[in-house]
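Trainee: Please find one structure pasted underneath; my questions will follow.
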Amino acid sequence: MVSTNLIIDKNIEILPAAKLKDLRDLMASYDLDCYLIPAVDEHLNLSVPAAKQRRAWISGFTGSAGDLLVGKDAAWLFVDSRYYEQAELQVDAALIQISKLGLEENLSLIETLEKIAVESAQKSTKIRFGFDPFTVATEQYQNWVKKIATAGIELVAISDNLADKVRQTTEILPAIDESPIFSLPASLTGETAAQKLARVREAMQKANIDILPISNLNQIAWLFNLRGSDIPHIPIFISYAIVTADAAFLFTNPDRISPEIKKELSAAVTLLPYADYPSILKSSCVNLPNQVRVLLDSKHSTAGTYQLILGQQTTENKIEIVFAPNPVEGMKARKNPVEIEQMKSANFKASRAKVLTLRWLTEQLESGKVLTEFDVKQSIESFYQQETDFQTLTFKTIAGAGANSSIVHYGTPSPEITLKPGELLLLDSGAQYLAGTTDDTRTVIVGKPTALQIEHYTTVLIAHINCAMQQFPKGTTGSQLDAIARAVLWQQQLDYGHGTGHGVGAFLAGHEGPNGISKSVQYPLEAGMVTSIEPGYYEPGWGGIRLENLYVVREMPSKNATVWYGFEPLTYIPFERKLIDVDRLSKTQLQWLNNYHASVIEKLSPVLDAATIEWLKKACTALGKAS
């Protein structure tokens with residue numbers, strides 16, 4: 001254990017400059033040239049408990065993605081295009097350089113390390129790059145080994161998280177594993193935990209796998225039909241799991257599990273304290289005869305777990321690590337009929353709440369009421385909570401007015417910023433219900449739109465419709481569909497920096513894999529998968545537009561032997577009529593839009609009052625081209 005002489009008055013809140021100085025002092029005691037503070041925690045979550053918000057604590061940047069590298073004399077924050085604006089607003093550029101990934105002359109993490117190494121090589125020294133291996137994905141670690149371990153850079157894995165050590169000198173970190181865990185019945189999940197484990201073991205047997213460690217919290221919650229509230233907005237709980245041919249271990253705080261749930265689990269699962277994960281994993285690797293085959297999902301397991309397994313490798317104890325997708329991930333993504341019906345129920349509730357919010361918004365503005373971003377946030381969240389079985393939000397509500405609508409993940413609606421005539425309002429929100437997870441976005445205009453606003457909105461709407469109405473053969477990947485959506489924007493030399501869509505869990509994470517619709521996703525979409533479709537356009541200072549629905553992938557009637565899929569909507573919310581240039585829509589695009597709006601009326605009218613039905617019918621009136 002390396003000691004440090006940090007002495008700080010715990011009653012004083014230290015500023016980023018002081019935090020960085022204290023971290024550098026600690027780095028010096030480990031003889032480190034650089035230290036990485038990722039956005040993620042030990043389970044590679046992007047949404048993390050307060051105690052694990054290390055990068056936000058030390059830098060002030062609160063975006064869900066973006067890693068911080070701290071050197072001896074400089075620091076770098078690496079963000080993608082979703083966070084360019086937010087990083088500039090939150091980070092002190094005098095202390096931390098913002099590296100905008102994807103832009104010329106903005107270096108990536110590896111490129112920055114290589115640059116530091118080149119400069120160090122002139123002094124004939126090798127730089128030491130420190131990191132917590134339990135906050136780095138195995139895939140990323142292996143990439144480092146290939147690219148930088150031979151470039152004058154020494155990888156230094158440190159089990160003690162240095163950001164935590166600095167933070168603990170000023171505050172007591174809140175607990176991360178005390179919230180109660182509750183179970184979901186098969187009437188909501190469609191399968192018992194025992195049935196899911198049987199399917200997982202069948203997949204393990206086919207692949208000749210002896211041990212399956214699981215670090216991903218969404219996978220664990222789904223597998224055991226358990227939920228919690230350790231992570232903001234995602235009903236999961238801090239845990240690990242290990243599955244073998246004849247045993248299953250769940251590692252978490254046992255004190256927060258009721259006797260009833262413990263009894264329910266006992267037939268299929270051995271419950272152990274969270275801290276026992278390393279020892280049980282190591283013993284599992286040495287207690288089996290002959291060669292042991294361990295499956296590691298390099299995207300969802302950490303370098304810490306990888307190193308634990310490697311540490312058990314001896315001449316007598318042969319361990320083969322098989323790098324492959326965790327079978328739980330694909331099972332979780334392909335919703336069964338019960339899960340699909342539950343997702344329909346949850347998104348129906350969320351659609352009704354958003355429609356009620358849009359009607360309220362329209363009437364307030366027409367009456368001359370001055371509204372703020374915060375007012376809109378409060379309204380949608382109130383309507384969500386009025387629905388039965390509401391649990392929490394899916395994420396922080398995004399209600400960005402005017403220029404703020406261009407900040408892709410603007411999660412701090414202000415009580416000071418008002419909705420002004422001629423400006424756009426982007427409202428991206430979602431709620432978690434026991435039945436499922438929801439996420440949808442609408443962009444509306446306050447007052448009369450400009451020609452440019454109509455032009456850009458219509459372009460984004462066409463992108464959405466083109467993707468939503470597309471039929472595609474089995475084997476089609478998310479990257480192929482992503483190009484279909486972007487094509488109309490590309491024709492105008494426009495684009496957006498985020499994916500066109502992401503997978504959504506069944507009362508789990510608002511963003512889940514392995515499916516998605518983006519430039520990088522090579523995983524095929526399959527029946528039962530739920531995805532968002534959400535193209536957009538963003539221009540700093542002008543505003544932003546995003547149009548998002550959730551859809552479930554369905555098998556379509558086929559005219560040949562090929563299996564064809566299509567999208568069935570889960571979201572039923574009208575689009576903004578005032579922003580649509582109907583003459584730009586093709587016949588099939590217009591038909592899709594009118595059919596969709598007719599479905600919105602049909603689905604929601606039975607659960608709305610007469611005044612809201614009247615408003616909805618006006619919002620969804622069939623559109624036709626000018627004669």
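The values are calculated or read from the model by the stated rules, or taken from the named source; none is laboratory data. Here the structure is a predicted model, which is why all the values come from computation and not from measurement. FYI the Cβ positions are ideal-geometry reconstructions off the backbone, even for glycines, and counts take in every protein chain you see. What goes into the accessible areas is simple: the full protein's heavy atoms, side chains included, and nothing from ligands, DNA or RNA. Shrake-Rupley method; radii C 1.70, N 1.55, O 1.52, S 1.80 Å.
Trainee: Restricting the range 335-356 to residues that are β-branched (Val, Ile, Thr) and more than 13 Å from Leu604 (Cβ to Cβ), which is surrounded by the most Cβ atoms within 10 Å (Cβ to Cβ)?
Mentor: Ile340
Trainee: Continuing with this model, one more query. Can you tell me which condition Ser558 does not meet? The list is (1) in a loop (DSSP other than H, G, I, E, B); (2) touching a residue at least 24 places away in the same chain (Cβ under 8 Å); (3) exposed (fewer than 14 other Cβ atoms within 10 Å of the Cβ), and all the others hold.
Mentor: With (1) in a loop (DSSP other than H, G, I, E, B); (2) touching a residue at least 24 places away in the same chain (Cβ under 8 Å); (3) exposed (fewer than 14 other Cβ atoms within 10 Å of the Cβ) applied to Ser558, the lone miss is (2).
Trainee: Would you check if Glu114 is under 23 Å from Gly66 (Cβ atoms), open to solvent by 30 Å² or more (accessible area, probe 1.4 Å) and in contact (Cβ under 8 Å) with a residue 12 or more places away in the chain?
Mentor: yes
Trainee: Out of contact with any Pro (no Cβ under 9 Å at 6 or more places or on another chain), outside any loop (DSSP other than H, G, I, E, B) and either open to solvent by less than 10 Å² (accessible area, probe 1.4 Å) or closer than 22 Å to Tyr84 by Cα (or both): which single residue out of Leu481, Leu494, Leu489 fits that description?
Mentor: Unique residue meeting the criteria: Leu481.
Trainee: Can you tell me which of Trp542, Trp564 is touching a Leu at 6+ places or on another chain (Cβ under 9 Å) and open to solvent by 40 Å² or more (accessible area, probe 1.4 Å)? I'd like the intermediate steps shown before the answer.
Mentor: Details: Trp564 fails: touching a Leu at 6+ places or on another chain (Cβ under 9 Å).
None of the others qualify; the one that does is Trp542.
Trainee: Looking at Ser99, Ser120, Ser47 in this structure, which one is modelled with pLDDT under 90 and not in a helix (DSSP H, G or I)?
Mentor: Ser47
Trainee: Would you please name the residue that is most open to solvent (accessible area, probe 1.4 Å), looking only at residues in the range 596-627 that are in a loop (DSSP other than H, G, I, E, B) and under 12 Å from Leu356 (Cα atoms)? I'd like the intermediate steps shown before the answer.
Mentor: The initial filter retains those residues of the range 596-627 that are in a loop (DSSP other than H, G, I, E, B), namely 608-609, 620-627.
Subsequent filtering for residues that are under 12 Å from Leu356 (Cα atoms) retains 608-609.
Values: Leu608: 24, Asp609: 78 Å².
If we take residues in the range 596-627 being in a loop (DSSP other than H, G, I, E, B) and under 12 Å from Leu356 (Cα atoms), then Asp609 is most open to solvent (accessible area, probe 1.4 Å).
Trainee: Can you go through Val145, Val70 and tell me which one is part of a helix (DSSP H, G or I) and more than 22 Å from the chain's Cα centre (by Cα)?
Mentor: Only one candidate passes the filter, namely Val145.
Trainee: Taking the range 70-108 as the search range and keeping residues that are of a type in the set (Val, Ile, Thr) and farther than 11 Å from Gly497 by Cβ, which one is surrounded by the most Cβ atoms within 10 Å (Cβ to Cβ)?
Mentor: My answer is Val70.
Trainee: Let me ask something additional. Can you run down the residue pairs with Cβ atoms below 6 Å, 6 or more apart or on separate chains, where the first is in the range 497-518 and farther than 21 Å from Lys474 by Cα and touching a residue at least 40 places away in the same chain (Cβ under 8 Å) and the partner is polar (S, T, N, Q) and open to solvent by 20 Å² or more (accessible area, probe 1.4 Å)?
Mentor: Going by the 6 Å Cβ cut-off, the qualifying pairs are Gly497/Ser81.
Trainee: Taking Lys165, is it surrounded by fewer than 19 Cβ atoms within 10 Å (Cβ to Cβ), assigned to a helix (DSSP H, G or I) and touching a helix residue (DSSP H, G or I) at 6+ places or on another chain (Cβ under 8 Å)?
Mentor: Yes, satisfied.
Trainee: Scan the range 418-430 and give yes if some residue there is in contact with a helix residue (DSSP H, G or I) (Cβ under 8 Å, 6 or more places away or on another chain), open to solvent by 50 Å² or more (accessible area, probe 1.4 Å) and in a loop (DSSP other than H, G, I, E, B), otherwise no.
Mentor: yes
Trainee: Could you check, for the range 235-255, whether at least one of its residues is in contact with a Gly (Cβ under 8 Å, 6 or more places away or on another chain), open to solvent by 20 Å² or more (accessible area, probe 1.4 Å) and in contact (Cβ under 8 Å) with a residue 24 or more places away in the chain?
Mentor: Within the range 235-255, none of the residues are in contact with a Gly (Cβ under 8 Å, 6 or more places away or on another chain), open to solvent by 20 Å² or more (accessible area, probe 1.4 Å) and in contact (Cβ under 8 Å) with a residue 24 or more places away in the chain.
Trainee: I need a count of the residues in the range 191-229 that are of a type in the set (S, T, N, Q) and either more than 19 Å from Leu296 (Cβ to Cβ) or surrounded by fewer than 22 Cβ atoms within 10 Å (Cβ to Cβ) (or both).
Mentor: Residues meeting the conditions: 6.
Trainee: Show the residue pairs meeting these rules: Cβ distance below 6 Å; 6+ apart or different chains; first residue within the range 19-31 and within 12 Å of Ile158 (Cα to Cα) and open to solvent by 70 Å² or more (accessible area, probe 1.4 Å); second residue modelled with pLDDT of 95 or more and among the hydroxyl-bearing types (Ser, Thr, Tyr).
Mentor: Note: no pairs meet the criteria.
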